[in-house]
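Reading through the structure tokens given below for one structure.
Every number in this text was worked out from the coordinates using simple rules, so none of it is lab data. Remember, predicted model here, so these are calculated numbers, not experimental data. In this analysis, Cβ positions are derived from the backbone assuming ideal geometry, glycine residues included, and neighbour counts consider all displayed protein chains.
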Amino acid sequence: MSDETDARTRSEERAERAERMAKEGAQAMAEHLASVKAVDERTVKLRALRLAKEAADAEAKAAAPPAPKRKRS
């Protein structure tokens, strides 16, 4: 009877461990996906800022008069 009880206990422990590992795995995956999403969102924001700055710089350069050419002496 003791062997039967020990086997059941080991089986229950294995099942509990497997369940705990599954929960931890799901939580880790959720955290990873949230991190990836945050990086993607920051990338989009920074790209938009960079493109806006480049457009403003190009507009300012186009609006500015060309520098006068220097004559050789």
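Axis of helix 2-63 versus longest Cα principal axis of the chain: the two differ by about 10°, to the nearest ten degrees. Straight-line reach from LYS45: which lysines have Cα under 27 Å away, leaving out those fewer than 8 places along the same chain? The reachable lysines, counting only those whose Cα sits under 27 Å from LYS45, are LYS37, LYS53, LYS61. Distance between the 7 Å Cα→Cβ label points at THR5 and ALA52: 7.1 nm. What is the list of residues in the stretch 36-55 whose amide nitrogen lies under 19 Å from a point 7 angstrom out from the Cα of ALA62, following Cα to Cβ? Label zone hits: 49-55. Along the axis of the charge dipole computed for the stretch 9-73 (Cβ charges of +1 for Lys and Arg, -1 for Asp and Glu, origin at the Cα centre), the listed residues ALA26, THR9, PRO65 are led at the positive end by PRO65.
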